[in-house]
Each structure stands twice: as C-alpha cells, then as structure tokens.
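Notes for the one structure printed next.
Values quoted throughout were computed directly from the atomic coordinates according to the rules given, and no laboratory measurement underlies them. Since this is a predicted model, take the numbers as computed values, not measurements. Cβ: placed from backbone, ideal geometry, glycine included. Neighbour counts: every protein chain shown.
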Amino acid sequence: MSDYSTRILAIETSCDETAAAIIADGTTMLSNVIASQTELHARYGGVFPEVASRRHVEVIYSVVEEAMREAHIGFGDLDCVAVTRGPGLVGSLLVGVNMAKGLAVARNLPILGINHIEGHIYSLWLTEEAPHIRFPVLTLVVSGGHTELYVMTDHGRYELLGAALDDAAGEAFDKVGRLLGLPFPGGPAIDRAAEKGNPAAFRFPRAVMEAEHGYDFSFSGLKTAVMRQVSQYHSPATMPTADLAASFQAAVVDVLVGKTAAAATAVGATAVHIAGGVSANRALRAAMRARLELPVRVPPLALCTDNAAMIGAAAHFNFIRGRRDALDFDVVPSLQLV
Ligand code: KG4
Ligand code: ZN
C-alpha cells in the first residue's frame, strides 16, 4: 500500500526535451527522466522542429519506461496520465499526447492535457518551500518562448499582468548568444561569459520601463542595440565578449526585476516565484533577491528548464479538483493560460 493519495505519470515533449516523471501528491518526484536534444540542435544554432519530433518518437518509449522503473511502480499503481498539450511545437506535442492517449486507453486511466506554462508555475511546488506557499503569489515565467507576469490567487487561478510584446527573454538570450559567437543555447552561455565581464561596460536600453507600458516587456530593441555594438568589431577575436554578455544580461535583469518588484507591491503578493529556463540565470536570481523584501523562490536548476515533473505537479492540483479530460482533446501550439 502506498502512503500517497495520487501518483501521476507525466509526459512532456513540447520542444526539445523528451521527458517523463512520476509525481506523488503533486510535490514528490518519484522519478524525473529527461532526454535532452540540445546537442542534436546545437549544430543548427536553434531547435529544428522536424528533427525534434523525430527524436521524440525515437526515445519516448524508453524515457517513459525508465521513469516507471526508477519510481518502482507499475501502471496499475497510477491514478492518471498527464501530458503537455501546448504551447509548443505541434509535431513535438503530438508525440507526447499520442503516447499519453495510448497509455490511457490501454491501462484504462484518466488523462489530463496540461498547459506547459502552468507546468513551469508548478515547478515551485516540487521544492521544499512548497508547504510555505500562500496566495496571492506573483510568478514571473521567463523561458525561451514566454515572458509573463501572473498573479496566482489560488490553485488554478491566474491573472495575466503583462507579457512580452516581441522577443521572449530566453529568445533574446539565445539570439544575443549567437551574435556573440557563443554556443547554443545562448542563455547558459551568456550566464557563464558574463561572470568575467563588466555589466556597466555598455549602457544598453532598458525598454518599456516607463509606467505607461504597465507590466509588458520588450527585448527586441535591446537585441538590436547589441547587434549594432557587435558590428563595430572587425573580428570575433577583438570583441569584448564578456563585457557585452554582462551588459546585455544586466539590461534584461534590470527590466525583469523592475517590473516584477512593482507588480509584487501592486498586488500585495506574499512571495515572488520565478520559473522557466531563464530562472536558472544567476544574475537574475541575485538581483531579484537583493531588490525584494518578500521571499523570492526559484526552482532547482534541473526544474528551471523543461521537464515532466512540473507537468505532473500541475496535473495533481487539477486532478484533485476533479478535472478529467476527454480522450479526444487536441494539441494547441499557441495555448494560453488565461
Ligand atoms: O523553459 P525552457 O527550457 O523552454 C521553453 O519553454 O522555452 O527555457 C529555455 C530557455 C532558453 O532560451 C535558454 O537560453 C534559457 O531558457 N536559459 C537561460 C539560462 N538557462 C537556460 N537563460 C539565461 N540564463 C540561464 N542560466
Ligand atoms: Zn518551458
């Protein structure tokens, strides 16, 4: 007999990670398996959708099997199968959703199609801080495709305060990484390069900081400013890469922290959560903690970028509210949370 009230198999294939996890009670990871395709895509300098979905097909069975094996459970022990239904790449999403539907039918299990962004938000419930979370929480979701500020007033209740008007924060990191000749993905590479650089070497623009832009974000002007600066150098060897990386990163962090701090006060948040790939950024974590008096919570590094554990955590809190999805739900590449 298990001490847990729910055990959920979660599958995530929205972009370039094939992932499966077993989550108990929404907060305990019995297993969390991630097969990353980063190296496969690095040679293209970005994620190649057709290559991504083909690789998902190749590895999905063994990733799910490994998640079950590591958790020491059988399909009969599961309460539900959860899978990312969007947002993401359509071909990639379909691989995970078809796998989940197949399992749900074969094992007679309920199925839940989970929003990937809700998954990132619930990555904070997989930390030891989970018992301390009180609503309303302000969550900054910063990933390759998203920059959004949500107030979460209860489980499953979100209000969108602001979002990226153009490039997402992670997308800006990836594009600037390429401009600086750093390896893909640009985010972790800039994080590392910036360590040895001077964040005040270049004064790059902090766009839409002004109050009339509310809580929306814009990073395309910043990217253009970096591009203009990079074009001044004749060869990569003469380029002050570390200073450029540090100055770019400082501009992104300033905007993210400034808007988040203002929003936290405005909504009376009990805490600020940061989720998504860019929440791994060390300068962002440090600046947010320095600026805010509220608790600032970030997931452990392995749960910042895409994973299935967060999908299982989000699924649990939907499942215990009684949600069950019909088996014929579709993938939605541009699925919105609110
Ligand atoms: O959440 P995620 O794995 O995928 C999406 O849902 O988009 O986020 C990936 C993004 C990439 O743009 C990557 O460059 C960025 O997260 N990233 C970082 C860091 N680690 C990953 N950006 C800044 N600093 C990092 N340390
Ligand atoms: Zn993501």
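General remarks:
- The GNM of the chain, with springs linking C-alpha atoms under 10 angstrom apart, assigns the highest mean-square fluctuation among A82, A52, A309 to A52.
- Residues F173, F75, ranked from the fewest to the most other C-beta atoms within 10 Å, line up as F75, F173.
- Share of alpha-carbon pairs per 10 Å distance bin for region 242-338, given as whole %: 12, 34, 32, 16, 5, 0
- A Förster distance of 45 Å, applied to the separation of the beta-carbon atoms of S2 and D166, puts the FRET efficiency at 0.40.
- The average projected area of region 177-336, computed from the convex hull of its Cα atoms over all directions, is 12.3 nm².
- For the chain, pairs of C-alpha atoms spaced more than 33 angstrom apart make up 27 percent of the total.
- Gaussian network model of the chain, Cα within-10 Å springs - most flexible of L149, L124, L182: L182
- Backbone N within region 303-332 under 19 Å of label point (7 Å from Y44 Cα along the Cβ vector): 306
- Förster radius 35 Å - calculated FRET efficiency between A200 and N98 (Cβ-Cβ, nearest 0.05): 0.10
- Segment Y233-E293, extension gain: residue separation times 0.36 nm, minus the distance between their alpha carbons: 17.4 nm
- Placing a label point 7 Å from the Cα of S36 along the Cα-to-Cβ direction, the residues of region 145-186 whose backbone N falls under 16 Å from that point are 174, 183-186.
- From the C-alpha gyration tensor of region 232-298, square roots of 5λ in Å: 31, 11, 8
- Cα-projected label distance for V51 with R69, points at 7 Å along beta-carbon direction, nm: 2.8 nm
- Dipole magnitude (debye, nearest 20) for the chain, charges at Cβ of Lys, Arg, Asp, Glu: 540 debye
- Taking other C-beta atoms within 10 angstrom as a stand-in for reagent exposure, H120, H234, H41, H273 fall in the order H234, H41, H273, H120, fewest first.
- Diffusion coefficient, µm² s⁻¹, Stokes-Einstein with Kirkwood Rh over alpha-carbon pairs of region 52-156 at 4 °C and 1.567 mPa s: 82 µm²/s
- Taking label positions 7 Å along the Cα-Cβ direction at both R134 and S220, the computed distance is 4.2 nm, reported to one decimal.
- Most mobile listed residue (P240, P300, P131) in the chain, GNM with C-alpha springs under 10 Å: P131
- A Förster distance of 35 Å, applied to the separation of the beta-carbon atoms of R324 and A266, puts the FRET efficiency at 0.45.
- For region 6-44 versus region 259-324, the gap between their alpha-carbon centres in whole angstrom: 18 Å
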